[in-house]
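Structure first, then comments.
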Amino acid sequence: MSGRRPGLAPIACLVVLAWGLAISEALAQDPVARYEPVADTEVVRQQPYQRFFTQDRFGRRIVFYSSEEPNGGAPLPLVVYIHGSGAQSHFVESGGRIEGGNGHSSFADVVRGRARLLIVEKPGVTFLDAPSDRGGASGASPLFRLEHTLDRWTEAVHAAMEAARKLAYIRPGAVLVVGHSEGGIVAARLAAEHDWITHVAVLAGGGPTQLYDLVALARRGEFFRRISDNANDRVLYVLEEWESILADPDNPDRLFFGHPYRRWSSFLRTSTLEHLLRTGASIYAAQGTEDRAVAWESFEFLRAELLARGRGARFDTVTGGDHSFSIVTQGDRVDGWTGLLQRVTSWFLGG
């Protein structure tokens, strides 16, 4: 297969390694103990969250947020939300106000009084970061491009969860992890690796490796129309790019489809299905029929494989739903995201 490009020269690799070690050390800003929660002294202005710090097994300082409840309330179950791709912060500033992003604000409203919501900032993303290529990494910091691999992002979320479980207002027992889009494979992997996670929900998170989605959507013409009007040419382009990624898998600066080779090589070598087959947690999977970012066939593949292997799950198909589960009806865009989160929460809490 043509298209292979040379990797970094040895001296360049050493420079990247040294630079990576230096900025990774910079993440450990405070003497925070591993998996221990340390509350921030500052309040997140205009948002119903408390900010915490902890340290993960890589020695990084992880920032996470727990939704607030009225003082004096009983401990509540833990719900973790893992958002999709991109280097944007969970919070943005607009007109002098701090607003929630990445879909978590609706979730916080849904679980209020019933559970505590946990969200985690990706390493390399700072408070209020809002790059122009939302969902991509071309405008991300060098640190983010180096840090954002499946292993390292999964561990960041794991560290935040371990720390949050030690908070007095988190009820021991049932734990729900919800992943949307790219977050789906992270949620599935966490559930596979930690048996104290009792429930996992994958929302538009695919089934087979994401390479399948790239190929399927390229063939359909949803992706890479600029490359060719011929479906086979578009598929060949994707496969040649994957070959280039495998030839230079740890490069954080070479991009394909808006993301570093380093990101692609780590996320595409495994799949959501692979991890769900390893977990004993209860499974919820949802997909919109009009999703243009994850192939509908991926959801069908996930459902068929789980059922064929006798793995029970709750499957939720949102008719007309796009990748964020918005539904276009007679030209109007209707919110399907909140209703989906309500169904997931009711499934988790049993009513």
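The values are calculated or read from the model by the stated rules, or taken from the named source; none is laboratory data. Every value quoted in this text rests on a predicted model; they were computed, and no experiment measured them. Quick reminder, even Gly has a Cβ in these numbers, built from the backbone with ideal geometry, and neighbours come from all protein chains shown.
Check the range 225-245 and report whether any residue there is of a type in the set (S, T, N, Q), closer than 30 Å to PRO142 by Cβ and touching a Lys or Arg at 6+ places or on another chain (Cβ under 6 Å).
Within the range 225-245, one or more residues are of a type in the set (S, T, N, Q), closer than 30 Å to PRO142 by Cβ and touching a Lys or Arg at 6+ places or on another chain (Cβ under 6 Å).
Just one of GLY206, GLY179 is buried (at least 23 other Cβ atoms within 10 Å of the Cβ) and on the phi > 0 side of the Ramachandran plot; which is it? Quick ask: steps written out before the conclusion?
Details: GLY179 fails: on the phi > 0 side of the Ramachandran plot.
Just a single option satisfies the conditions, and that option is GLY206.
What are the residue pairs meeting all of these: first residue in the range 53-78, first residue buried (at least 18 other Cβ atoms within 10 Å of the Cβ), second residue among the hydroxyl-bearing types (Ser, Thr, Tyr) and in a loop (DSSP other than H, G, I, E, B), Cβ atoms under 9 Å, and 6 or more apart or on different chains?
Listed by first residue and then by second, the contacts come to THR54/TYR35; GLN55/TYR35; ASP56/TYR35; VAL63/THR126; SER66/TYR169; GLU69/TYR169; LEU76/TYR169.
Inspect the range 332-343 for any residue being within 30 Å of LEU78 (Cα to Cα), assigned to a helix (DSSP H, G or I) and without any contact (Cβ under 8 Å) to a residue 60 or more places away in the chain and give the result as yes or no. Reasoning before the result, please.
Residues of the range 332-343 that are within 30 Å of LEU78 (Cα to Cα), as a first pass: 334-343.
Within this subset, residues satisfying the condition of being assigned to a helix (DSSP H, G or I) are 337-343.
This time we only want the ones that are without any contact (Cβ under 8 Å) to a residue 60 or more places away in the chain, so: 339, 343.
The answer is yes; a qualifying residue exists.
Take SER89 and decide whether it is part of a helix (DSSP H, G or I) and at pLDDT 95 or above.
Against the criterion (part of a helix (DSSP H, G or I) and at pLDDT 95 or above), SER89 does not qualify.
Give LEU143, LEU150 a once-over and let me know the one that is surrounded by 19 or more Cβ atoms within 10 Å (Cβ to Cβ), farther than 17 Å from LEU117 by Cβ and hydrophobic (A, V, I, L, M, F, W, C). Even if it seems obvious, please write down each step before you answer.
On the way: LEU150 fails: surrounded by 19 or more Cβ atoms within 10 Å (Cβ to Cβ).
When all the criteria are applied, what remains is LEU143.
Return the residues of the range 102-121 that are surrounded by 19 or more Cβ atoms within 10 Å (Cβ to Cβ) and either in a loop (DSSP other than H, G, I, E, B) or of a type in the set (D, E, K, R) (or both); say none if nothing qualifies.
Result: ASN102, GLY103, ALA115, ARG116, GLU121.
Might you let me know whether the range 308-331 holds any residue that is out of contact with any Gly (no Cβ under 6 Å at 6 or more places or on another chain), exposed (fewer than 15 other Cβ atoms within 10 Å of the Cβ) and among the aliphatic types (A, V, I, L, M)?
yes
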